[in-house]
1. By count of other Cβ within 10 Å, fewest leading, how are B:466, A:18 ordered?
2. Under the definition of partner shielding as Cβ atoms of other protein chains within 10 Å of a residue Cβ, what is the mean value for peptide C:44-57?
3. Using r as the Cβ-Cβ distance of residue B:355 and residue B:29, and R0 as 25 Å, what FRET efficiency do you calculate, to the nearest 0.05?
4. Checking the cross-link filter: which aspartates and glutamates have an alpha carbon closer than 18 Å to that of residue B:283, excluding same-chain neighbours under 8 positions apart?
5. What does the charge count near residue A:63 come to, summing +1 for each Lys or Arg and -1 for each Asp or Glu among other residues with Cβ under 15 Å from its Cβ?
6. In whole angstrom, and with the biggest value first, how far do the Cα coordinates of region C:1-123 range along each principal axis?
7. For the pair residue B:616 and residue C:88, how long in nm is the line joining their label points, each one 7 Å along Cα→Cβ?
8. Any idea what angle helix B:42-64 forms with the longest principal axis of chain B, computed on alpha-carbon atoms, 0 to 90 degrees, nearest 10?
Amino acid sequence: MNDFAIKTTGLTRYFGGKCAVDQVSLAVPRGSVFALLGRNGSGKSTLTRMLMGLLEPTRGSANVLGEDCRHLSPAARGRIGYVAEGHPLIDWMRVRDLESFQKSFYPKWDGRLFKSVVDQFGLPSDARAGRLSRGQRAGLSLALTLATRPQLLVMDDPAMGLDPVARRTLLEAMILVTRNAGHTIFFSSHVLDDVERVADHVAILDKSVLRVSCPVEFFRARIKRLVLTFGGTPPPLPPIPGLLEARRDLTQLRLTVANPGPELEQLVASLGAQAVTEVALSLEDAVIAYLGERGEKPSLLQSDQLEAVAS
Amino acid sequence: MKAIFIKELRENGKWAALMLVAMSAVLAWGLSTRPSLVGDFVMPLITGCGFPVIGFALGLLQTLQDSSPGRWGFLTHRPITRAQILSAKLLAGICLYFLVALIPLGVAIYWVATPGHVAAPFAWQMTLPRLADAIGGLMWYAAGILVGARHARWIGSRLMPAGTALVGSIAALWFPLNMGEALLIFAIVLAIILPGAWAAFAGGEDFARQPIIARWTAGLCVLIGLFCALGALAGFSTSMLRSLTGVERDRGYNVYEFAPDGRMLIARESPGIPASVTDLQGKPLPLLAESEPTRANILVVSMEDNDPQHMSRERRRDEQGFQREGKYLRSIGSNELAHWYYVVTRNTIEGFNAYRREYIGSLGLAGFVRATGSPQPFPEPMYVSQDEYSNPGIVASAKTAYELDLSRRTIVPVFDAEPGDPILIADGPPMFYDPDKWSVPFTVVVTHTTVHVFESGKERIHTALKHVFPETISLEICRTSDGRYVLAYQSNHPEKEPAEWVDELDPQGRLLHETVLPRLPVRNSPSPIWTNTPILFVAPPAADLWALIWARSQMISDPSDLPVTIALAAFGLITLCATLLVVRQMGLSRRAQWAWVLFNGLLGFPGLTLLLSLFDRIAKIACPSCGKRRLVTREQCEHCNAPFARPAPEGIEVFASTSAGDK
Amino acid sequence: MEFAFSISPGTGSPIFRQIVDQVRLAVVSGRLAPGTQLPSVRALAERLVVNPNTVAKAYGELSREGIIDGQQGRGVFIAEPRQIYTNAERSRRLAPFVEALANEGVALGFTSEELLESLRRRLAKMDVPASSRRKPS
């Protein structure tokens, strides 16, 4: 248990008859920066709330910092920093009120760190939390959480609604946490460029099912994009194992495949393309291909519902 | 914890201030309308409704404001237990509540107690009912916490625990004879509400995992509320049905009345129709001249024992209930100049100047003693009628009867009881009312054996008291224009014969003749049983069964009886079947399921509603091994013990054996 | 540190590879001289706002390729260029490319002067020094 900050076993949550999280088993190594990705509604927030003990799992279990998520002790909660979706705060309190409120619970409060983050976001100490802008709220939430010096920092979509400057500051704050080798970050995000910068592990929830959990480079290495150029119209596609998406153009087929194996080369060869080029993928492209609909599907721009582009 | 306490104070302080101002305003208005702490209606209504509203609102505010998921997460995700958070909240809430309740009340009490404000006596015991109302608001506060904290399935069920507080408030209004009993009621209700509230807040939303005491008490709170709500609904429906069928219109009363010459008359009254008066044979009376009265003025004297030792508990509750004004003071006589009161707690008769609202003085054994002296208590407690409008010019203790003249401020003893034959009651015509319309020319002192009639301060006649309580409930006395007396004893049993025993006496008190009057028919068509069906559907099936059996035993047969019985039986079966279906989806153990089925057999429809209110339906999906539907919460299938299948892989999964970092 | 690293996520190239390529190119073109100190893993990570493991991975690869020297407690420095391969090994590795260039050039009808001129021009564009001190391995 010392290896992992978070370890879940078959964690499941149903809302009525609808499954929001389906038997998720993942392990977040201690000291890592772990990004949880997935489309909206794929179960990321539900999973995070279960880990924090705010939602009862329907089935399964999870260990957070060695304790069962259903019965987190106050001491464990003191070592976990949690920024929930939307950066909730007590809106009527002023910044300084929230500081003294938060401070009274944590003996290890780092006042200088709080002040640095607050200054970085430009928060006046007498401003009411409810009147702050999105970015400022995020900054305040972050400051209140970071200053408690948590061993595990859990953030649910912390970059939501933030302008680029605030996002950059958020990233800097996350790098700051990595100064301490034993401290772990577990967060979810849609800003994949930032995830590429700062995460070393990634997990992907696809419609409540966990389909990816590995180091970032491991994931990247197993997604391959090939562009097949043909003389005329590309032929119809045979079933390709691990096919994530296929895009068809006038003379080209763009295939994105997961876990490419030796049979892929043979299949590609059998299509008889004039040229086969491998295209390097950013993390964002890989994740988008992963989370989109499987198989062949035109993009919005290729939709036949739209008016033809004047050439 | 201190931080939470201060946060609660600051967060709810503005609401508390608002409520304090509102309560002060309402109390001020109430005192301007009826300047009395215990006077019926105004103050008791204000405190009896106001404090519950304040308590409930505070409890709701404290829980609802922190109940949104974001706020709740923010509040609870810190190194502190939920129990500690709740303790801090409760402490803050109770402090705020008492500030909001006691400051305006304290000012009101101080104002009333200060001489010159209220033309009525003040005794510190008079503050107790209002203080009890204030303390009773704590039940509502606890109910507010339970309502706000409970994760309820539908909005109606969420509010149900308020019914428990309502029952508590009503019980504290009717039953207690003193503050101690009221506090006991509050303690019992709090003991029922608080465990559920505690568990709802500190225990998390999974009801099935809360400790058993919390579940049972929370369930009880919801059940009481359900009974209140369903009962109110059913009662309303029943009265609607009855008014629709027009049953009420056929009711009528027949009563005996006195003619000025001492004959007995019968008056037939129906709602909406003026009364018709006939003689005993039913012949209408000859028309009299406009100025002559058709009925004689009579004195109605209660036969019940006024000695608190011998009073029945029901009467003691009615007369001396803790919340009744009569426990503290009784109005003896009021006009525009002065108000006179008998102060029960001090056993004195005190008068107040109506304009200057000052204490004038007291009437006692030493006659009238001015305000400079302290009020003089009577040696024994006086029996003074509760009825504000009777204001007789005579009062009595068990030993002595005194004639009062409040205008001349005199009090004269007129009768001393024999030892062993204490006075039951002394009564007379009301003072300060129009003498022609209301008064009789005599006063009466009734001991346990004798009726003494006084006129102008001297005893005229006395006669044996022939029929006593509990056989009789009251005595009506009339004096005819030629000096005879007619005494009519009213029977206490509404079904037994006779209705009245009438004695006619000559001016010297000798018996002229005795009559016995039979029961007059009551035109009272009972509503058909089917109008009661709403209530019958809400009541437990056992109660329904008993009600139907009782109706049969009383030979109250009704053509609509049989269809109703069949409908009730069918409804009971449907409820039971519904319970059987529903209970299987709640993920309860077999034993719990059977317990609920039995429980609902006893409780009927409210029991089913309770089941639906307490538990969530747990989803079921098809088992991958055996195909039957199984609960999603169990690792093992109930039927075949197989686990759930893992989600089907799509060939695109990327998993690495996790290590700390990838170099 | 005069040398300006810049990375951009969202391109096809992983960030650690971008760092490796930039250092490699800078060393080869002479912009980073041997002995120059590079920022520590943490310092560079914080400057670029990336995960330190990424920087560590880049430095690890550069170290394996012999481009940098990491000295515990003293910092990271550009290494003296040294051959990983023996002279014989280097000649053996170059041989097929020399063969291919010669064959292709002859087939296209270039003279040896023209071939050498093309090669020289290309190397000049790459900023390769005309001659360098090589340490024997």
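1. Details: B:466 16, A:18 9.
By the 10 Å Cβ count, ascending, the order reads A:18, B:466.
2. 6
3. Numbers: r = 22 Å, r/R0 = 0.86.
Using R0 = 25 Å, I get an efficiency of 0.70.
4. Within the straight-line limit of under 18 Å, residue B:283 reaches these aspartates and glutamates: B:257, B:261, B:269.
5. Values: positive: A:7, A:30, A:70, A:77, A:79; negative: A:3, A:67, A:68.
Around residue A:63, the surrounding residues sum to +2.
6. Between the extreme Cα coordinates on each principal axis of region C:1-123 lie 55, 34, 22 Å.
7. Distance between label points: 7.5 nm.
8. Roughly 10 degrees between the two axes.
Just so you know, all these numbers are worked out from the coordinates, no wet-lab data involved. Small disclaimer: the values here were computed from a predicted structure and weren't measured. Cβ: placed from backbone, ideal geometry, glycine included. Neighbour counts: every protein chain shown.
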